[in-house]
Amino acid sequence: MNSIRPLHPLIQKRTEGIKTYQFMCFQDGIKVIPDNEHSYKAYFSTVESLVKVVDMKIDGSLLEFDSKQLKDLPAGNYRFEIWEVIDDVVHGIYPSDSSLKLTVKENLLDLPEGIVSSLTLDEFEKRFDEIAKNIESGGTVYNPKFQVGKTESVDSDQPASVDVLHRDDGTMVLNFKIPKGKDGKTWKPYIADDGYWHIKEDKGEDE
């Protein structure tokens, strides 16, 4: 049975990128030295879905990853496993009978009432930029038309996500899942007169 012991508390502030998390691996209670010929990855998920995969490094007899690799995770609680891969085949998963837990805490930008997470906005903007730049039609890059579709509020510890529906006329309908605020408020995206995406409190009024 595979087991693993973290050498540091698995907790960080959102957007923090200065920590190194190290781990010691065991098989049937015997310490295992990571093999430089193998690759190691940490798979992070919420209760609903896989949200991130990060590459791990070997430091002597330990495995490690940095908090800067997790800077884009929203505040919340995450489960993760460490996978050992040989020639694209999973050789071992640590731990065998459970999962590790990481907690991402709010930072001060998240706390004042009415402040929307700048990271969440950055994530949305990055996603839209990638869509606009990378979608190709017949080998020609074009700028698609965006339309806000359905906005669904999810629990505050869940990550924001965007589902994209491609229509035949070139319109891209964006369906959002946006975490509720800690105070229970919900948010919705919109395109302002300046042509940029923004997020505001959803008070239920028609826009």
**OP:** May I ask for the net charge around residue 94, where only other residues with Cβ less than 9 Å from the Cβ of residue 94 are counted and Lys, Arg are +1 while Asp, Glu are -1?
**Re:** -2
Subject >> Nearest-0.05 FRET efficiency for residue 71 and residue 167, computed from C-beta distance (R0 25 Å) >> reply: 0.15
**OP:** Along Cα→Cβ, 7 Å out, is where each label goes; now give me the distance between the ones at residue 98 and residue 18 in nm to one decimal.
**Re:** 3.1
**OP:** Over 29 Å between C-alpha atoms is what I'm after, so list which of 13/177; 52/185; 145/177; 19/150; 41/177 land there.
**Re:** 19/150
Original post:
In sequence order, what are the phi-derived ³J(HN,Hα) couplings for the range 66-71 according to the Karplus relation 6.51 cos²θ - 1.76 cosθ + 1.60 with θ = phi - 60°, rounded to whole Hz, with x for glycine and proline?
Top reply: 9, 5, 5, 6, 10, 4
**OP:** Obtain the nm distance between the two label points defined at residue 50 and residue 30 by a simple spin-label model: each point lies 7 Å from its Cα along the Cα-to-C-beta direction.
**Re:** 3.1
**OP:** Report, by chain and number, residues whose modeled amide H sits under 5 Å from the one on residue 22, excluding near sequence neighbours (fewer than 5 apart, same chain).
**Re:** 7, 8
Subject >> Rough spin-label spacing in nm, given labels placed 7 Å along Cα→Cβ, for residue 61 and residue 87 >> reply: 2.9
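Readers should treat all values here as calculations from the given coordinates under stated rules, not as data from a laboratory. What you see is a predicted model, and the numbers here were worked out from it, not measured in a lab. Note: ideal-geometry Cβ built from the backbone for every residue, glycine included; neighbour counts use all protein chains shown.
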